[in-house]
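Down below is the structure, laid out as structure tokens.
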Amino acid sequence: MAGTITEKILKQHIVEGSPVVGEEVALKIDHTLTQDATGTMAYLQFEAIGIDRVKTEVSVSFVDHNTLQTDFKNPDDHRYLQSVAEKFGIYFSRPGNGICHQVFLERFARPGKTLIGSDSHTPTAGGIGSFAMGAGGLDVATAMAGAPFRIKYPQIVGVKLTGKLPDWVSAKDVILEVLRRIDVKGGVGKVLEYFGPGVKTLSVPDRATITNMGTETGCTTSIFPSDEITKEFLIAQDRGDQWVSLEPDAGATYDEIIDINLSELEPLVALPHSPGKVKPVRELAGMKVDQVSIGSCTNSSLRDLKVVANVIKDKTVSENLHMTISAGSRQVVEHLIDSGEMKYLVQAGARLLENTCGPCIGMGSAPCSAGVSVRTFNRNFEGRSGTKDAQVYLASPEVAVATAITGVLTDPRTLGEYPKFDMPKRFFVNDNMIIKPLPYNEAKEVDVVFGPNIAPLPTFPPLPDVLSGEVLLKTGDNITTDHIMPAGAKILPLRSNVPEISKYVFEAVDSKFHDKALEKGGGFIVAGENYGQGSSREHAALAPKYLGVKAVITKSFARIHLANLINFGIVPLTFKNPADYDKVDPGDVLDVVIGDLRGDVTLQNKTKGIDIPLTHTLSELDAEILKVGGKLPWIKERI
Ligand code: MIC
Ligand code: SF4
């Protein structure tokens, strides 16, 4: 039968279950990646599983999120991560080498392989034809130990691209258009598979921009074919031998089709505070801007920075604002230096930052009070930039650089001719900042180095049949993991220390949450649609669990967060009748009768004297994992 790319890759990797939409399938995982902010926890968990070497084809540990090093905490984590990588057969990309997704795309990603990463933007590698998914650190740890990764078999949405992008319109506008159409939960349970003649007009890094930010639709992943353009990219990265062709068969069918004519697109921008709130730039042009930030795993490739450099050449950053640039990798920087284009950026007055996530995750370069920031990033959730009342707009490098020059939001088409520049036929390949795995005999002698900020993993008991407590917090729709467990320069360094980081749970939503949760002996969270949107950070489950949260009751969940809740023994439940959301208030005392979690569940609202039916999407295995108190005790029993 004619197959889509998704069907072909999944068919080769399914080790359990059948390819029926919505059914759980277990997939063999070929590659994994971690980054430092989720990595310390993932490797502590890997160590707790007790395997002496990773069982994957390739596993890579990156350091790119937490690099401010304002005290010993970050460097201690880096040292721990390097020693763990050496001990267990993992590649280690040293701090300074670049952002995990950009470097993985350049140096590791391969068409046809499965990849999971402890970062929600792992689908970046879909730009090269990998089936790449974000996951919690514990799922990555178990995949490194050789266990399959479970997903609900997705619906496959074909995104048909025709035409060719006009000048000044780029890949970012394609994904903003997708978000304009399907918004931040339109992709849940789906894979966005790109096809059609327009695909050939996009380079691999362009495709990766699209698959990267596809995450913001809530989809399982996004993927492009592997074609002649993919081959050229791999050859240019000195990895031509890793190319395989991967195209949908003629006659392949999709569950749904989204048609996009690239020729008709125009510069777009996502408004605060959601990547799905998309409008044409021309409708807001002229708005005063305080900051322009270029970079992040979405838009930090060589092409992106060449556009910026050549547009800003011989000009000066507007005195209304300041402009930051974070390149995606050392390879990108080396090319910009070699071609002389770095000089254009420096001469224009751009502030050059490290090749890391930086401002994207609030690690420095926060906007001023109520500041308007135009960023080439993928998320603009409230407060994420480090400034609570900042207004963050997401746009392409073209829009960002035009704005940096004029000082107001600018449709780049008003700048005149699109810059011309050459792309290298061969990239500078220099892997000297990637430490390769040691042979087993040497690796097993390595001592793992811990610093005082790395606290032991908390352990949790099995779940009783009835969960009792108060509703600690009730929220609306689209609560992000940035709301649940904020990041930024103050909190990110605490990622290896659950007791410490738990003090900041829901900090911006309810500053008393931590104290209240402890005082009440834990309890429940009630929420609307798409709870847990955004990051893969398992701390958004682990820290609430540490504070005694027993169940989260919502109208719906985001995929990765749902898995993280199960992994850490918090029961994810939904209202059978969404209108019942109105029948539970903060402070209500509840008994939630979960039994063995094999069927529906009843919420007994003791305060209001009513029973409310709840349901869930848990498989038998999920139920088993939850009942024993989470995935770590479950897996330890089995390995
Ligand atoms: C993000 O973009 O929110 C992050 C920071 O990269 C997270 C991971 C984390 O919280 O460490 C993600 O996207 O998964
Ligand atoms: Fe880093 Fe931002 Fe990408 Fe997350 S979205 S991996 S913080 S650059």
Kindly report, to the nearest 10 Å², the accessible surface of residue 511 as traced by a 1.4 Å probe over protein heavy atoms only. 90 Å²
Between the residues 38, 350, 558, the Cα farthest towards the positive end of the dipole of the chain, that dipole coming from +1 and -1 charges on the beta-carbon of Lys, Arg, Asp and Glu, is from 350
Tally Lys/Arg at +1 and Asp/Glu at -1 over every other residue whose Cβ is under 12 Å from the Cβ of residue 241; what's the total? +2
Candidates per GluC sites (Glu not before Pro) in region 341-424, loop by DSSP, up to 13 other Cβ within 10 Å: 417
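Kirkwood Rh and Cα-based Rg: tell me the resulting Rg over Rh for region 440-516, rounded to two decimals.
Over the Cα atoms of region 440-516, Rg/Rh equals 1.11.
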Please report, in debye to the nearest 20, how large the charge dipole of the chain is about its Cα centre when each Lys and Arg carries +1 at its beta carbon and each Asp and Glu carries -1 there. 400 debye
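How many times 2.2 N^0.38 Å is the alpha carbon radius of gyration of region 249-399?
1.13
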For region 247-311, diffusion coefficient by Stokes-Einstein and Kirkwood Rh (Cα), 10 °C, 1.306 mPa s, µm²/s: 101 µm²/s
Let me understand the chain better: what is its radius of gyration from the alpha carbons, and its Dmax, in angstrom? 23.5, 72
Environment charge of residue 519, counting only residues whose C-beta is closer than 12 Å and scoring Lys/Arg +1, Asp/Glu -1: +1
Over the alpha carbons of region 486-617, what is the largest minus smallest coordinate on each principal axis, giving the biggest first in Å? 43, 29, 25
What number comes out for accessible area per residue over region 362-426 if the probe is 1.4 Å? Units Å², please. 37 Å²
How many percent of Cα pairs in region 332-380 exceed 15 Å? 57 percent
With only alpha-carbon pairs counted, each pair once and no self-pairs, how large is the Kirkwood hydrodynamic radius of region 1-107 in angstroms? 15.8 Å
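Counting helices only, and only those DSSP H runs with n ≥ 4, report the 222 nm mean residue ellipticity of the chain as the sum of -39,500 (n - 2.57) divided by its residues, in deg cm²/dmol to the nearest 500.
Rounded to the nearest 500, the figure is -8000 deg cm²/dmol.
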Radius, Kirkwood style, for region 364-472 when every pair of distinct Cα atoms is counted (Å): 20.9 Å
Listed by chain and number, the residues whose amide H is under 5 Å from that of residue 253, excluding neighbours fewer than 5 places away on the same chain and using placed H, are 4
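In what sequence, highest mean first, do 445-454, 117-126 appear when ranked by Cβ atoms within 10 angstrom? Before the final figure, lay out each step's value.
Details: 445-454: 14.9, 117-126: 31.5.
Sorting 445-454, 117-126 by mean packing, highest first, produces 117-126, 445-454.
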How do 110, 537, 180 rank by accessible surface area computed with a 1.4 Å probe, from largest to smallest? 180, 110, 537
How big is the accessible area of residue 230 in square angstrom, nearest 10, if you roll a 1.4 angstrom probe over the protein chains? 0 Å²
So, taking all protein chains as they sit and a 1.4 Å probe, how much accessible area belongs to residue 263, in Å² rounded to tens? 60 Å²
Loop-only check: which chymotrypsin sites (Phe, Trp or Tyr not before Pro) in region 1-99 are DSSP coil with at most 14 other Cβ within 10 angstrom? 72
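Could you rank 588, 422, 259 by how accessible they are, 1.4 Å probe, largest area first?
422, 259, 588
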If I stretch the segment between residue 255 and residue 598 completely, what's the gain in nm (0.36 nm per residue apart, minus their alpha carbon distance), one decimal? 120.5 nm
Sequence gap at least 6, Cα distance under 8 Å: using those rules, report the relative contact order of region 364-485 to the nearest whole percent. 16 percent
Principal axis dimensions, region 1-57 - Cα atoms, whole angstrom, descending: 43, 23, 20
Give the carbon-plus-sulfur fraction of the accessible surface of region 63-192 in %, rounded to a whole number; probe 1.4 Å, heavy atoms of protein chains only. 43 percent
Would you list, by chain and number, the lysines whose Cα falls below 26 Å from the Cα of residue 200, excluding same-chain residues fewer than 8 positions away? 8, 11, 113, 160, 164, 172, 190, 231, 306, 420, 425
Between the alpha carbon centres of region 100-135 and region 364-432 the gap in Å comes to 23 Å
Lys/Arg +1, Asp/Glu -1 at C-beta; the chain dipole; positive extreme among 312, 59, 630: 312
Residue 119's amide H: which non-local residues (gap 5+, or another chain) put their own amide H closer than 5 Å, with H modeled 1.01 Å from N in plane and none for Pro or chain starts? 135
Dipole magnitude of region 62-190 about its Cα centre, charges +1 at Lys/Arg Cβ and -1 at Asp/Glu Cβ only, in debye to the nearest 20? 540 debye
Top positive-direction residue, dipole computed over the chain with Cβ charges, set 363, 513, 14: 363
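The values are calculated or read from the model by the stated rules, or taken from the named source; none is laboratory data. For clarity, every value in this text was computed on a predicted model and none was experimentally measured. Here the Cβ is made from the backbone with ideal geometry for all residues, glycine too, and neighbour counts use every protein chain on show. For accessibility, only protein heavy atoms count, side chains too; no ligands or nucleic acids. Shrake-Rupley method; radii C 1.70, N 1.55, O 1.52, S 1.80 Å.
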